[in-house]
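For reference, the structure is listed below as structure tokens.
The values are calculated or read from the model by the stated rules, or taken from the named source; none is laboratory data. The model shown is predicted, which means the values in this text are computed figures rather than measured ones. Glycine gets a Cβ as well: all are built from the backbone with ideal geometry, and neighbour counts include every protein chain shown. Side chains included, ligands, DNA and RNA excluded: accessible areas come from the protein's heavy atoms. Shrake-Rupley method; radii C 1.70, N 1.55, O 1.52, S 1.80 Å.
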Amino acid sequence: MQIGLCTISNQDASVDAVIRQAGETGYDGVEVWGKDHVGNGDPETCRSIRETAREADVEIPVYSSYLRVGSPDFGETVERELEIARRLDADLVRVWAGSQEYGNHDEAHWEQAVADLERTSRLAADRGIGVTVEKHANTLTNDGEGARRLLEAVDRENCWLNWQPTFSMEPDALVETARNLAPLSNNAHVQAVPKRGSRDRCPLEDAFFDLEELLGIFEDASFSGFVNVEFVADDRPYRRAIETDLEYLRRMSS
């Protein structure tokens, strides 16, 4: 299992500082936050990030963009975001699946999101980049059926899901959803809270759900992407927090 650190996990630090800490603590890669950590994504900024990652001996598996299919500004931003991913030499670009939840969406929004995601996938493939679609509330991938149907509608080899646990779900439901979506996923985010519905993040080993069981499902499905620590416990120093989560994930995969 390859383990990455999302640089959004420390928004107060520079991207270089987060990348260096990721390397020093033993992470395999970093998922670069597509807001403050890339600025406007100009070539020099991206070159500097690549060089810092090389020096830290970590990969950049994902550029975590905020490109949202089905949005009014999609056409103005898609080429720019894909170009940033290319400049970072990222394997994947993370995108968002519209702005309506599946089951409460209108057909026009669904059709536009599918068309935009098809275009994103085609343009990404031209650059040798894969697409990973965020599974998230308030989007068309808010539940398993929506995520599956969207990927089936797009039907592109390089377009898969960015899975992550949903804190509003019961542990058994999380297991069922993981079984259904692991075969459709090319990236994963992990973070934890101690109780269902909580907003207080905790170390991964203290999660209210069984993360080892969930990631075991991904291993059984021959998942080959990165498992990226997205956020860490707020009540401990950042360096210790990322070390603790990495140690837990390494024990789990040993």
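How much length is gained if the chain between Glu118 and Ala153 is pulled fully straight, taking 0.36 nm per residue apart and subtracting their Cα-Cα distance, in nm to one decimal? Intermediate values should be presented prior to the final figure.
On the way: separation 35, 0.36 × 35 = 12.60 nm, distance 0.89 nm.
Gain in length upon complete extension: 11.7 nm.
For the chain, what are the DSSP H helices with axial Cα length of 27 Å or more and mean Kyte-Doolittle hydropathy of at least -1.0?
Numbers: long enough: 107-126 (29 Å, -0.74).
Qualifying helices, which must be both long enough and hydrophobic enough, are 107-126.
In whole percent, how big is the carbon plus sulfur part of the accessible area of the range 163-254, probe 1.4 Å, protein atoms only? Write out the running numbers ahead of the final one.
Values: 1860 of 4420 Å².
Within the range 163-254, the accessible surface is 42 percent carbon and sulfur.
Run through all the Cα pairs of the range 95-143 and give the fraction in each 5 Å bin from 0, expressed as whole percent.
5, 23, 27, 22, 13, 8, 2
If you take the C-alpha gyration tensor of the range 170-254, multiply each eigenvalue by 5 and take the square root, what semi-axes do you get, largest first, in whole Å? Mind showing how you got there, number by number?
Details: eigenvalues 93, 48, 21 Å².
In descending order the semi-axes read 22, 16, 10 Å.
Equivalent ellipsoid semi-axes for the chain, as square roots of 5 times the alpha carbon gyration tensor eigenvalues: give them largest first, rounded to whole Å. Each step should come with its number before you reach the end.
Working: eigenvalues 136, 114, 48 Å².
Equivalent ellipsoid of the chain: 26, 24, 15 Å, largest first.
Dipole magnitude of the chain about its Cα centre, charges +1 at Lys/Arg Cβ and -1 at Asp/Glu Cβ only, in debye to the nearest 20?
Working: 27 positive and 49 negative charges, 58 e Å.
Once rounded to the nearest 20, the dipole reads 280 debye.
As an exercise, use a Förster radius of 45 Å and the Cβ-Cβ distance of Gln11 and Glu145 to find the FRET efficiency, rounded to the nearest 0.05. Could the numbers behind the result be given before it?
On the way: r = 33 Å, r/R0 = 0.73.
E(calc), rounded to 0.05, equals 0.85.
Provide Rg over Rh for the range 118-157; use the alpha carbon set for both Rg and the Kirkwood Rh (inverse mean inverse pair distance). Can you show the working numbers first?
Values: Rg = 10.9 Å, Rh = 10.8 Å.
Checking Rg against Rh, the ratio lands at 1.01.
For the range 39-80, what value does the Rg/Rh ratio take when both radii are computed over Cα atoms and Rh is the Kirkwood radius, given to two decimals?
Numbers: Rg = 13.2 Å, Rh = 12.1 Å.
Reported Rg/Rh, Kirkwood definition of Rh: 1.09.
Identify the residues of the range 202-232 with backbone N under 13 Å of a label point that sits 7 angstrom from the Cα of Thr25 along the Cα-to-Cβ direction, or state none.
Under 13 Å, as judged by backbone N against the label point of Thr25, lie 202-205, 228-232 of the range 202-232.
Over its Cα atoms, what ratio of radius of gyration to 2.2 N^0.38 Å does the range 1-140 give?
My calculation over the Cα atoms of the range 1-140 gives 1.08.
Expressed in nm to one decimal, what extension gain is obtained for the pair Glu176 and Ser253 from 0.36 nm per residue of sequence separation less their Cα-Cα distance? Each step should come with its number before you reach the end.
Details: separation 77, 0.36 × 77 = 27.72 nm, distance 2.11 nm.
So the chain would gain 25.6 nm between Glu176 and Ser253.
Percent of accessible area on the range 44-131 owned by carbon and sulfur, 1.4 Å probe? Intermediate values should be presented prior to the final figure.
Details: 1540 of 3960 Å².
Using a 1.4 Å probe with all protein chains present, the range 44-131 comes out at 39 percent carbon and sulfur.
How far apart, in nm, are the 7 Å Cα→Cβ label points at Glu107 and Arg196?
Result for the modelled spin labels: 3.6 nm.
State the extension gain, in nm to one decimal, for the chain segment bounded by Glu205 and Arg240, taking 0.36 nm per residue of separation less the distance between their alpha-carbons. Before the final figure, lay out each step's value.
Working: separation 35, 0.36 × 35 = 12.60 nm, distance 1.40 nm.
Computed gain between Glu205 and Arg240 is 11.2 nm.
Quickly rank 216-224, 236-244, 57-65 as a protection proxy: mean count of other C-beta atoms within 10 Å, highest first.
Values: 216-224: 15.0, 236-244: 16.6, 57-65: 23.4.
Highest mean packing first, the order is 57-65, 236-244, 216-224.
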